[in-house]
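Engineer: My questions will all concern the structure given below.
The values are calculated or read from the model by the stated rules, or taken from the named source; none is laboratory data. All values reported here derive from a predicted model rather than from experimental measurement. Note that we place each Cβ from the backbone using ideal geometry, even for glycine, and neighbour counts take in every protein chain shown.
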Amino acid sequence: MKKRLVDLHVHSNYSDGTWSVEEMVGAAKEKGLSAVALTDHDTVEGIDLATAAGNSVGIDVIPGVELSTEVGEAEVHILGYFVDHMNAEFNGLLNRMRQGRSHRMVEMVNRLNSLGYEITLEEVEAKAESGTIGRPHLARVLVDKGYLSSVEAAFDRLLGRGKPGYVPRTKLTPPQAIAAIKGAHGVAVLAHPGLIEAQLSISDLVDAGLGGIEVYYPAHDCNAVNLWLQVAQHYRLIATGGSDYHGPGAKAHGTLGYPEVRYEVVEQLQAAIHG
């Protein structure tokens with residue numbers, strides 16, 4: 001019997017991906033996946049279009065989100081699955097986060113202008129189209145104008161934490177993000193734990209309502225997978241996985257559909273909601 005595989009972590013141009021939701025869903029179908037989760041950063045605006053695209057080509061689309069949080073000076077991302085993307089309180093939170101991103105981008109553009117980089121806010125907004133604006137869009141403008149050779153180079157030289165063009169922004173704490181996802185009737189999952197540069201208490205996150213850990217991730221080697229699988233089993237959390245694919249030309253993450261994640265994980269997430 002053919003394995004039913006899924007990718008539970010992809011991004012579109014509603015955040016910092018390069019593909020439309022229709023392109024992303026179509027590519028997932030071409031890969032032979034049975035389901036794909038749209039998990040754009042701090043926005044659920046693409047979910048209706050993604051769902052319609054999924055219905056059109058015959059692939060399940062899981063409504064998701066990836067919330068940006070912070071512990072100390074380290075970024076911690078919390079994925080939400082099967083969120084009610086029409087929930088008014090949840091959307092109010094996302095709107096406030098979007099406003100914070102916009103204010104930050106104004107400051108970053110001004111800072112880069114003062115450093116001699118001739119870019120405008122309008123150019124960055126054009127890269128973001130109608131989606132959540134972020135540093136990758138700013139990086140693409142810098143690359144297009146010939147200031148830097150790649151998005152990665154833009155982050156390494158100018159836009160990464162502590163670099164000349166970096167401006168911090170106010171973020172949620174992980175427990176706040178978990179509460180928001182649960183408030184929208186979703187399941188909260190700790191994203192790519194192997195990349196987190198902070199001391200986290202998984203026990204505290206479980207107490208806050210964490211439902212899973214992204215065990216299977218492109219940057220997790222065998223040792224990391226085994227470690228986080230043991231953690232998930234210890235705390236009785238769902239072991240999820242996904243590619244974190246952002247489309248062609250984006251900052252390097254994973255390849256769509258890799259690592260392999262079985263459809264049973266989707267069923268576990270659904271059971272967690274109804275349990």
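Engineer: Please state which of the following conditions Val151 fails to meet, knowing it meets all the rest: (1) touching a helix residue (DSSP H, G or I) at 6+ places or on another chain (Cβ under 6 Å); (2) within 21 Å of Ile181 (Cα to Cα); (3) touching a residue at least 60 places away in the same chain (Cβ under 8 Å).
Structural biologist: The failed condition is (2).
Engineer: For the range 91-115, enumerate the residues that are closer than 25 Å to Ser201 by Cα and at pLDDT 95 or above.
Structural biologist: Going through the range 91-115, the residues closer than 25 Å to Ser201 by Cα turn out to be 93, 97.
Of everything in the range 91-115, just one residue is closer than 25 Å to Ser201 by Cα and at pLDDT 95 or above, namely Leu93.
Engineer: Would you be able to tell me the number of residues in the range 132-158 that are over 18 Å from the mean Cα position of the chain (by Cα) and hydrophobic (A, V, I, L, M, F, W, C)?
Structural biologist: Number of matching residues: 7.
Engineer: Which of the numbered conditions does Ser243 fail, given that it passes all the others? Conditions: (1) more than 22 Å from Val151 (Cα to Cα); (2) buried (at least 16 other Cβ atoms within 10 Å of the Cβ); (3) of a type in the set (S, T, N, Q).
Structural biologist: With respect to (1) more than 22 Å from Val151 (Cα to Cα); (2) buried (at least 16 other Cβ atoms within 10 Å of the Cβ); (3) of a type in the set (S, T, N, Q), Ser243 is out only on (1).
Engineer: Of these, Gly160, Gly249, Gly183, Gly211, which one is of a type outside the set (D, E, K, R) and crowded, with 19+ Cβ neighbours inside 10 Å? Can you show your working first?
Structural biologist: Working: Gly160 fails: crowded, with 19+ Cβ neighbours inside 10 Å; Gly249 fails: crowded, with 19+ Cβ neighbours inside 10 Å; Gly183 fails: crowded, with 19+ Cβ neighbours inside 10 Å.
Of Gly160, Gly249, Gly183, Gly211, the one residue that is of a type outside the set (D, E, K, R) and crowded, with 19+ Cβ neighbours inside 10 Å is Gly211.
Engineer: In the range 154-168, what count of residues is obtained for those that are within 30 Å of Asn223 (Cβ to Cβ) and without any contact (Cβ under 8 Å) to a residue 12 or more places away in the chain? Quick ask: steps written out before the conclusion?
Structural biologist: Just the residues of the range 154-168 that are within 30 Å of Asn223 (Cβ to Cβ), to begin with: 155-156, 160-162.
Narrowing the set further to residues that are without any contact (Cβ under 8 Å) to a residue 12 or more places away in the chain leaves 156, 160, 162.
Adding up the residues that qualify gives 3.
Engineer: If Asp207 satisfies every condition in (1) over 21 Å from the mean Cα position of the chain (by Cα); (2) at positive phi; (3) not assigned by TED's automatic domain parsing to the domain that holds Thr120 but one, which is the exception?
Structural biologist: In the conditions (1) over 21 Å from the mean Cα position of the chain (by Cα); (2) at positive phi; (3) not assigned by TED's automatic domain parsing to the domain that holds Thr120, Asp207 misses (2) alone.
Engineer: Kindly indicate which of Glu267, Glu260, Glu197 is touching a Lys or Arg at 6+ places or on another chain (Cβ under 8 Å) and either outside the structural domain of Val151 (by TED's automatic domain parsing) or modelled with pLDDT of 95 or more (or both).
Structural biologist: Values: Glu267 fails: touching a Lys or Arg at 6+ places or on another chain (Cβ under 8 Å); Glu197 fails: touching a Lys or Arg at 6+ places or on another chain (Cβ under 8 Å).
Residue meeting the stated conditions: Glu260.
Engineer: Considering each of Arg4, Arg98 in turn, give the residue that is among the basic types (Lys, Arg), out of contact with any Gly (no Cβ under 7 Å at 6 or more places or on another chain), within 23 Å of Ile238 (Cβ to Cβ) and surrounded by fewer than 24 Cβ atoms within 10 Å (Cβ to Cβ).
Structural biologist: Numbers: Arg98 fails: within 23 Å of Ile238 (Cβ to Cβ).
The unique qualifying residue is Arg4.
Engineer: Next question. Considering only residues that are under 29 Å from Asn95 (Cβ atoms) and part of a loop (DSSP other than H, G, I, E, B), which ones fall in the range 140-161?
Structural biologist: Correct list: Gly160, Arg161.
Engineer: If you take the residues of the range 169-205 that are touching a strand residue (DSSP E or B) at 6+ places or on another chain (Cβ under 9 Å) and either among the polar types (S, T, N, Q) or without any contact (Cβ under 8 Å) to a residue 12 or more places away in the chain (or both), which of them is nearest to Ser114 (Cα to Cα)?
Structural biologist: Ranking the qualifying residues of the range 169-205, first place goes to Thr170.
Engineer: Kindly state which helices (runs of 4 or more DSSP H) lie completely within the range 16-116 and contain at least 1 residues that are not assigned by TED's automatic domain parsing to the domain that holds Ala180.
Structural biologist: Numbers: elements: 21-30, 47-57, 88-114.
The qualifying helices (runs of 4 or more DSSP H) are 88-114.
Engineer: Among residues belonging to the range 56-82 that are closer than 16 Å to Glu30 by Cα and in contact with a strand residue (DSSP E or B) (Cβ under 8 Å, 6 or more places away or on another chain), point out the one that is surrounded by the most Cβ atoms within 10 Å (Cβ to Cβ).
Structural biologist: Our first condition is that a residue be closer than 16 Å to Glu30 by Cα; within the range 56-82, this holds for 56-61.
In the following step, the residues that additionally are in contact with a strand residue (DSSP E or B) (Cβ under 8 Å, 6 or more places away or on another chain) were identified as 59-61.
Details: Ile59: 21, Asp60: 17, Val61: 24.
The extreme case among them is Val61.
Engineer: Which one of these does His137 not meet: (1) in contact with a helix residue (DSSP H, G or I) (Cβ under 6 Å, 6 or more places away or on another chain); (2) part of a helix (DSSP H, G or I); (3) modelled with pLDDT of 95 or more; (4) under 20 Å from Val44 (Cβ atoms)?
Structural biologist: Against the list (1) in contact with a helix residue (DSSP H, G or I) (Cβ under 6 Å, 6 or more places away or on another chain); (2) part of a helix (DSSP H, G or I); (3) modelled with pLDDT of 95 or more; (4) under 20 Å from Val44 (Cβ atoms), His137 comes up short only on (3).
Engineer: Shifting gears a bit: Give me a count of the residues in the range 117-134 that are outside any helix (DSSP H, G or I) and buried (at least 16 other Cβ atoms within 10 Å of the Cβ). Break it down stepwise before answering.
Structural biologist: Kept after step one, since they are outside any helix (DSSP H, G or I), are these residues of the range 117-134: 117-120, 129-134.
Those left that are additionally buried (at least 16 other Cβ atoms within 10 Å of the Cβ): 117, 119, 131-134.
Number of matching residues: 6.
Engineer: Is it the case that the range 187-199 has a residue that's closer than 21 Å to Glu70 by Cα, over 18 Å from the mean Cα position of the chain (by Cα) and polar (S, T, N, Q)?
Structural biologist: Among the residues of the range 187-199, at least one is closer than 21 Å to Glu70 by Cα, over 18 Å from the mean Cα position of the chain (by Cα) and polar (S, T, N, Q), which makes the answer yes.
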